[in-house]
Every structure is written in structure tokens, then in C-alpha cells.
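Notes to accompany the following structure.
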Amino acid sequence: MLKCPFHEDKTASLSVNLADGVWNCQAACGKGGIIDFEMAVSKCDRDTAKANIADIVCVDLFGTGDHKPEAIYQYRDANGAMVFEKLRHHGKSFILRRPVGKGYACDLKGITLNPLYNLPELVTANVAIICEGEKDCDNVTRAIGGRPRLKNAALTIRRKSPTVLP
Ligand SMILES: [Zn+2]
């Protein structure tokens with residue numbers, strides 16, 4: 001039993017069943033699932049509660065599509081291993097997330113590497129083109145015929161002649 005956040009609770013009257021994902025206040029504040037809880041906490045309607053939960057966990061749990069990212073940009077180390085992802089949502093808002101087990105955490109805790117976008121390709125490329133954002137990088141990469149294959153991780157960036165596109 002937990003102290004209920006919806007009333008002045010001296011006796012801990014909130015039960016939460018994590019296996020079933022349901023809660024119930026013995027003092028009759030309410031009961032229900034995760035959406036009902038978010039509606040009560042944020043004093044919002046059902047759709048807003050779903051959107052809030054999707055924001056918190058970075059996953060479109062309820063299939064509303066509202067929080068489906070327009071693009072996912074993977075940042076990888078020189079060997080091609082994913083370090084973190086940048087999710088682009090409607091209105092050019094971004095969320096960063098790192099892999100944890102089979103899922104993600106919406107933060108960069110413990111990540112000390114901040115690789116350049118397309119670093120594995122940059123390592124082996126003869127020409128480097130620097131663009132404003134990931135979308136431009138992807139468009140330019142597609143325009144020049146796809147990504148060069150990753151051959152080795154020897155960083156030879158000093159020998160490249162970077163071209164900057166405004
Ligand atoms: Zn209560």
C-alpha cells in the first residue's frame with residue numbers, strides 16, 4: 001500500500017498491482033489503469049493522458065500515431081555500434097534515447113561518447129560533406145549513391161577535404 005497522491009493520506013490507502021497495471025484508492029479517489037492514473041495526476045482528458053504517457057516512455061503505446069517520430073537518426077560509434085538515437089517528431093521537436101536491454105531510456109545517462117552522425121561511413125570515406133542536420137546528411141548521402149560500406153575503423157578524417165553545405 002502507498003500513500004495516495006490524490007487526497008491527504010495518513011494511512012497509505014493506495015494499492016497498486018504492477019502485474020495487472022491497476023491502482024485503487026481505498027478512500028474512493030479513484031481506480032483504474034495507467035491512463036486513468038495519468039488523467040487523475042495531470043487532470044486531463046483521455047487522449048492527452050495517452051500522449052503524455054507516450055512522451056514519458058518514448059513509445060507510441062496506444063497506437064495513436066501522434067507520437068510516432070517522423071524520422072529516427074542513429075548515432076553510432078566508429079565500429080557501427082549504436083550509441084543513441086535522435087527521434088524527430090512533428091514540429092521539429094527532438095527526443096534523445098539510448099538503448100537499454102530490448103528497449104530504450106529517454107536520456108543519455110552514462111553515455112560519454114558523442115559521435116558525429118554517420119561516423120562509421122565518415123571513417124572510410126574519401127570525401128566528407130558537412131550539412132546542417134541529419135535530414136540533409138541523409139538526402140546528400142542518397143543523392144551521391146548510398147552509403148559507402150564500412151571497411152575498417154581507422155579514423156582518417158584528417159586526410160579528408162570537408163565540404164560545408166550551408
Ligand atoms: Zn486517495
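Worth a mention:
- Check on Arg142, touching a strand residue (DSSP E or B) at 6+ places or on another chain (Cβ under 6 Å) and either surrounded by fewer than 16 Cβ atoms within 10 Å (Cβ to Cβ) or not aliphatic (A, V, I, L, M) (or both): no
- Filtered residues of region 115-131 (kept if surrounded by 13 or more Cβ atoms within 10 Å (Cβ to Cβ) and assigned to a loop (DSSP other than H, G, I, E, B)): Pro115, Leu116, Tyr117, Asn118, Ala125, Ala128, Cys131
- Every pair of residues 6+ apart whose Cβ atoms lie under 7 Å, when the first sits in region 22-35 and is closer than 10 Å to Cys4 by Cβ while the second is near the ligand (Cβ under 10 Å from one of its atoms) and outside any loop (DSSP other than H, G, I, E, B): Trp23/Leu14; Trp23/Lys31; Asn24/Lys31; Cys25/Leu14; Cys25/Lys31; Gly30/Ala40
- Out of Ile111, Ile144, Ile95, Ile130, sole residue that is among the aliphatic types (A, V, I, L, M) and at pLDDT 90 or above: Ile111
- Counting only strands (runs of 3 or more DSSP E) that sit completely within region 1-114, those holding 1 or more residues that are within 16 Å of the ligand (Cβ to nearest atom) and surrounded by 15 or more Cβ atoms within 10 Å (Cβ to Cβ) correspond to 14-17, 22-25.
- Pairs linking a residue in region 1-18 that is within 18 Å of Glu38 (Cβ to Cβ) to a residue that is among the small types (Gly, Ala, Ser) and part of a loop (DSSP other than H, G, I, E, B), with Cβ atoms under 7 Å and 6 or more positions apart or on different chains, are Leu2/Ala12; Cys4/Ser13; Cys4/Ala27; Phe6/Gly30; His7/Ala27.
The values are calculated or read from the model by the stated rules, or taken from the named source; none is laboratory data. Here the structure is a predicted model, which is why all the values come from computation and not from measurement. Positions of Cβ are generated from backbone atoms using ideal geometry, with glycine treated the same way; all protein chains shown enter the neighbour counts.
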